[in-house]
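The values are calculated or read from the model by the stated rules, or taken from the named source; none is laboratory data. These numbers were taken from a predicted model, which means no experiment stands behind them. Neighbour counts run over all protein chains shown; Cβ positions are idealised from the backbone, glycine included. Just the protein is used for accessible areas: all its heavy atoms, side chains included, with ligands, DNA and RNA removed. Shrake-Rupley method; radii C 1.70, N 1.55, O 1.52, S 1.80 Å.
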Amino acid sequence: MRRRLLLVALVTGLAALATWGQVAGAQSVERIRIADAAREKHGLPAGLLVELSSPSSYNRQSVSGDSGRWTGPRYEERGNPNNANFASLDWTVSFDERQGDPAAIALANVVHSDWHPDQRGGLSVPHLVGKRDVGTILGYYVMLTPGGDDARYEGVIAFPLDVDLYAVVDFEALEPPSDSFIVNGQVVASSWNRGQVLVALAGITLQGNLPPKIVAVRAYERGRLVKGKVVDRFLDSVLGAPVSLERQSGGRWLKVDGTKTTQRGFYSVRPKRRGTYRVTVRMAGFTAMSREIRAGR
């Protein structure tokens with residue numbers, strides 16, 4: 001199984017946050033569906049969505065379409081505790097249809113382009129179908145800050161959904177605004193905001209099947225059993241996909257058996273009499289076919 005790629009800087013940030021109790025379960029989960037125009041153009045399933053999990057001390061304050069705000073713990077000015085408010089984390093999900101790699105797409109979607117780079121690199125987004133982890137999709141993230149005593153941070157990640165279609169998630173930690181403030185009575189504002197953006201970036205998942213792309217097939221038991229696996233363009237398993245075993249008959253292909261892929265993307269079907277067979281998967285407007293094989297009694 002492919003391991004999730006996390007940069008050393010991200011791991012370090014999360015480890016530090018663990019001491020403050022910020023990594024334990026999200027308080028709010030946002031589920032954003034792929035924009036209809038982009039989804040239909042690329043033939044993606046209607047159930048596909050981007051899922052965001054807030055840091056554990058943040059709760060949903062507002063949601064409007066594909067953007068919203070999470071509100072976190074209290075912060076106060078050092079030496080003046082009456083000057084206080086609550087930390088916030090703004091998020092936006094968009095879908096970018098252009099050519100380019102994830103790094104170029106992420107940089108193109110930065111809001112505060114005049115801020116200084118903080119860190120950047122590859123980050124793999126977990127791909128789930130229900131509660132089942134089927135793989136990861138490699139994206140690219142960038143973080144920026146004004147620098148100095150300014151405590152604000154922006155983090156942007158882009159990851160592919162299809163050829164020339166990227167999901168882009170932007171986080172802005174704008175409150176507390178400067179290092180004259182501390183959070184929870186002890187954490188410097190810039191350290192807090194930076195850490196929460198890192199946690200938010202690590203909490204992104206893609207939920208739902210992507211269209212089938214490759215159908216692996218092989219005959220077993222001297223041709224009496226045909227087994228294989230169905231995966232998408234990122235080689236992640238496709239779960240619950242309808243599978244048809246077809247036998248060649250003259251110039252036609254006749255369905256002789258059918259099933260669905262398992263919770264690991266595998267299938268098993270039984271041919272009948274000896275002949276040339278193939279396995280076809282039709283799902284979300286896509287059709288994927290295996291190579292032809294000889295099987296049957």
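Numbers at a glance
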| item | result |
| --- | --- |
| Heavy-atom accessible area per residue - the chain, 1.4 Å, Å² | 47 |
| In range of the label at K272: residues from the range 240-261 whose backbone nitrogen is under 15 Å from the point 7 Å along Cα→Cβ | 245-250, 253-258 |
| Gaussian network model of the chain, springs between alpha carbon atoms under 10 Å - residue of V188, V279, V163 with greatest fluctuation | V163 |
| Average projection area in nm² (convex hull over Cα atoms of the range 46-167, one quarter of hull surface) | 9.6 |
| List M143, M289, ordered by accessible area with a 1.4 Å probe, largest first | M289, M143 |
| Apportionment of accessible area to carbon and sulfur, the range 129-213, percent (1.4 Å) | 48 |
| Sequence-distant residues sharing a close amide H with V134 (under 5 Å, placed H) | H127, L128, V129 |
| Selection from Q186, G100, V63, by position along the positive dipole direction of the chain (Cβ) | G100 |
| Degrees separating the helix 189-202 axis from the principal Cα axis of the chain, which is the longest one | 10 |
| Within the chain, longest stretch clear of exposed GluC sites (Glu not before Pro) (DSSP loop, no more than 16 other Cβ within 10 Å) | 98-291 |
| Selection from G285, M143, L161 lying farthest towards where the dipole of the chain points positive, charges on Cβ | G285 |
| Residue-by-residue Karplus 3J(HN,Hα) for the range 285-292, coefficients 6.51, -1.76, 1.60, Hz, glycine and proline x | x, 9, 10, 10, 10, 7, 6, 7 |
| Taking N as its residue count, the alpha carbon Rg of the range 152-267 over 2.2 N^0.38 Å | 1.81 |
| R233 paired with K213, simple spin-label distance in nm, labels 7 Å along Cα-to-beta-carbon | 0.6 |
| Cleavage-rule hits (trypsin sites (Lys or Arg not before Pro)) in the range 82-137: DSSP loop, at most 14 neighbouring Cβ within 10 angstrom | R98, K131 |
| Calculated mean projected area of the Cα convex hull in nm² (choose from (1) 15.8; (2) 17.3; (3) 19.3), label | (2) |
| 25 Å Cα-Cα reach of K41 towards lysines, excluding residues that sit fewer than 8 places from it in its own chain | K213 |
